[in-house]
Amino acid sequence: MIFHPTRFWNFMARGYARSPVKDNESYQYKLDMTASYLKPQDRLLEFGSGTGTTALIHAPRVSHIDAIDFSSEMTAIAREKAEAQAVSNVRFETSSFEDWPLPEGGEGYDAVLGLSILHLVADLDATLIRVYQQLKPGGFFFSSTVCIAEMGGLIRYVLPPLGAIGVLPKILPLTPDMLTDGLHAHGFEVEHVWSPSEGAAVFIVARRPA
Ligand SMILES: C[S@@+](CC[C@H](N)C(=O)[O-])C[C@H]1O[C@@H](n2cnc3c(N)ncnc32)[C@H](O)[C@@H]1O
């Protein structure tokens, strides 16, 4: 690709940090739904955490969050925000999800968050397997995913070729069914599937069985 994905996101980071949330009502719904599952003693992992907005919102509700992103610029902005907000229980690290170490001795996370990221990964199956491995038995996986195969207009035809020639990161042409099928295939129970309208990002709560 013209930009390696990490360089693309490093280049985008400051602009991304300035851009407002597009659909505040849906974002709030996803935050509230996630929060309803969280407990004060929980340890969370967020991957593709971007500029840290969501991790910093959930921070007061849990004991610790590891928030990782392979873009060092995104991590730098997230750390600046954590310092400005005096949040000390979120550790922002620059790492790909693929390289983040798996838990040793059964000490998995209580929950994993993957927001606006599953359509960007190189291998959806490998990612879902790794999410499962990062979780404790009984742990939750919260995801919100752009499903371009469901989108109206030309976007679903335009984005994949741009990804293929390397102008944009590669985008998987997902549907909500592909996500729920993938989750089931890799051992998750799917608890909740929600989208505000057809073609909008789909929010899924899945659980590693206890
Ligand atoms: C569309 S942004 C979403 C950021 C944030 N989750 C949000 O909802 O605003 C995707 C982010 O995922 C990061 N990313 C993409 N692939 C990744 C991977 N394999 N491992 C870690 N981070 C990744 C990018 O650097 C970028 O910050």
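Results, tabulated for the structure shown:
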quantity: Selection count, region 59-72, where residues are within 22 Å of Ala35 (Cβ to Cβ) and surrounded by fewer than 20 Cβ atoms within 10 Å (Cβ to Cβ); calculated: 4
quantity: Tally, over region 157-210, of residues that are modelled with pLDDT of 95 or more, surrounded by fewer than 15 Cβ atoms within 10 Å (Cβ to Cβ) and outside any strand (DSSP E or B); calculated: 7
quantity: Meets criteria (among the β-branched types (Val, Ile, Thr), within 15 Å of Thr94 (Cα to Cα) and within 12 Å of the ligand (Cβ to nearest atom)) for Ile57; calculated: no
quantity: Pair list, Cβ < 8 Å and 6+ apart or interchain, from region 5-34 residues that are within 13 Å of Thr53 (Cβ to Cβ) and among the hydrophobic types (A, V, I, L, M, F, W, C) to residues that are more than 10 Å from the ligand (Cβ to nearest atom) and in a helix (DSSP H, G or I); calculated: Ala13/Ala76; Leu31/Ile57; Leu31/His58
quantity: Which numbered condition Gly105 misses (of (1) on the phi > 0 side of the Ramachandran plot; (2) surrounded by fewer than 13 Cβ atoms within 10 Å (Cβ to Cβ); (3) within 15 Å of the ligand (Cβ to nearest atom)); calculated: (3)
quantity: Residues of region 138-156 satisfying the condition of being modelled with pLDDT of 90 or more and not polar (S, T, N, Q); calculated: Gly138, Gly139, Phe140, Phe141, Phe142, Val146, Cys147
quantity: First in region 42-56 and more than 14 Å from Leu31 (Cβ to Cβ), second anywhere and more than 8 Å from the ligand (Cβ to nearest atom) and of a type in the set (S, T, N, Q), Cβ under 8 Å, 6 or more apart; calculated: Asp42/Ser63; Arg43/Ser63; Leu45/Gln134
quantity: Subset of region 73-92 (residues that are surrounded by 15 or more Cβ atoms within 10 Å (Cβ to Cβ) and either more than 21 Å from Thr34 (Cα to Cα) or of a type in the set (D, E, K, R) (or both)); calculated: Glu73, Met74, Thr75, Ala76, Ile77, Arg79, Lys81
quantity: Flag if Met33 is in a helix (DSSP H, G or I) and near the ligand (Cβ under 9 Å from one of its atoms); calculated: no
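The values are calculated or read from the model by the stated rules, or taken from the named source; none is laboratory data. Only a predicted model underlies this, so the values are computations on that prediction, with no experimental measurement involved. Every residue, glycine as well, gets a Cβ built from its backbone with ideal geometry; the counts of neighbours run over all protein chains shown.
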